[in-house]
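Comments concern the structure below.
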Amino acid sequence: MRIILSPAKKMKLDLDSLAPNSLPQFLQEAERLSLALQSLTEQELQALWKCNDAIAKVNVERVRTMDLHRRLTPAVFAYEGIQYQYMAPNVFEKKQFSYVQEHLRILSGFYGLLRPFDGVIPYRLEMQARLSVDGFKDLYQFWGSKLADQLAAETDFVVNLASKEYSKAVQRHLPPKVRFLSITFGERKEGKILEKGTICKMARGQMVRWLAENQMNSAEDIKSFSQLDYQFSSADSTEYHFVFIKGGS
């Protein structure tokens, strides 16, 4: 089983926690993307990122000084978004770290596919960014089937806790032998199941932590998740799509 998760826009440098134990598997591709970013002007970078001046200033400096081999932070500590706050890796014990290192894979527009203890630097590059590289019109074309191929080489069961922006970089390329299980965290309103962005991110991070704490390894195990007031709804779920309803089914 492999769990895929989106990255977060906000990142930090953490040289005081645990050290990375590996380099990203697609470091060569990241180096190529680094060169592509460095070839852009400040105005082109800000347009690519679609961000304000303050955020652009910080990230332009990061691009200009990029070194993918020095001052690295384990990926699981580098991201600061809500998902990672609820995953709370800083309070993991050894068995939880071992679990996520084996089972969790973080998707990245810049690094492709990350293991939790791959060493990374802070960057800004969303998967949907329209960065043209080597004749590819965007990052979906640039990465092609590489991320899905790597996952398929590791497992025949992928649990999707990533956003659509990231999961589609994998799902469309997976071979039929790989079961791709998507998870919805929703609320029932007027007969419809609605997802809310922030609470969904909270639930995704919480589920990763719960899976790690309980050493879960199967689809049946996942059904018993009941944190943040969510309950599995068998009536709304299928073999390839599990639905959890807030406040019960």
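What do you reckon, is L33 among the aliphatic types (A, V, I, L, M), more than 15 Å from L72 (Cα to Cα) and under 20 Å from the mean Cα position of the chain (by Cα)? Here the answer is yes, as L33 does meet what is asked. Just wondering, is there one or more residues in segment 134-156 that are surrounded by fewer than 17 Cβ atoms within 10 Å (Cβ to Cβ), in contact with a helix residue (DSSP H, G or I) (Cβ under 9 Å, 6 or more places away or on another chain) and modelled with pLDDT under 95? Checking segment 134-156: at least one residue is surrounded by fewer than 17 Cβ atoms within 10 Å (Cβ to Cβ), in contact with a helix residue (DSSP H, G or I) (Cβ under 9 Å, 6 or more places away or on another chain) and modelled with pLDDT under 95.
Here K9 fulfils each of the conditions (1) among the basic types (K, R); (2) over 19 Å from T73 (Cα atoms); (3) not in a helix (DSSP H, G or I) apart from (2). Looking only at segment 196-224, residues that are loosely packed, with under 12 Cβ neighbours inside 10 Å and either under 20 Å from the mean Cα position of the chain (by Cα) or hydroxyl-bearing (S, T, Y) (or both) come to 4 in all. Segment 175-241 holds no strands (runs of 3 or more DSSP E) entirely within its bounds that carry 3 or more residues that are touching a residue at least 60 places away in the same chain (Cβ under 8 Å) and of a type in the set (D, E).
Residues of segment 44-69 that are part of a loop (DSSP other than H, G, I, E, B) and under 30 Å from R209 (Cβ atoms): C51, L68.
For segment 23-46, filtered to residues that are small (G, A, S) and either in contact with a Ser or Thr (Cβ under 6 Å, 6 or more places away or on another chain) or surrounded by 14 or more Cβ atoms within 10 Å (Cβ to Cβ) (or both), the residue that is farthest from I121 (Cα to Cα) is A36. Condition check: assigned to a strand (DSSP E or B), touching a residue at least 40 places away in the same chain (Cβ under 8 Å) and not basic (K, R). Does I4 satisfy that? The answer is yes for I4. Among the residues of segment 2-22 satisfying the criterion of being under 22 Å from E93 (Cα atoms) and of a type in the set (D, E, K, R), which is surrounded by the most Cβ atoms within 10 Å (Cβ to Cβ)? This residue is R2.
Within segment 103-120, is even one residue over 29 Å from G197 (Cβ atoms) and buried (at least 16 other Cβ atoms within 10 Å of the Cβ)? Spell out the reasoning first.
In the first step, residues of segment 103-120 are kept if they are over 29 Å from G197 (Cβ atoms); the result is 119.
This time we only want the ones that are buried (at least 16 other Cβ atoms within 10 Å of the Cβ), so: 119.
Within segment 103-120, one or more residues are over 29 Å from G197 (Cβ atoms) and buried (at least 16 other Cβ atoms within 10 Å of the Cβ).
The values are calculated or read from the model by the stated rules, or taken from the named source; none is laboratory data. Remember, predicted model here, so these are calculated numbers, not experimental data. In this analysis, Cβ positions are derived from the backbone assuming ideal geometry, glycine residues included, and neighbour counts consider all displayed protein chains.
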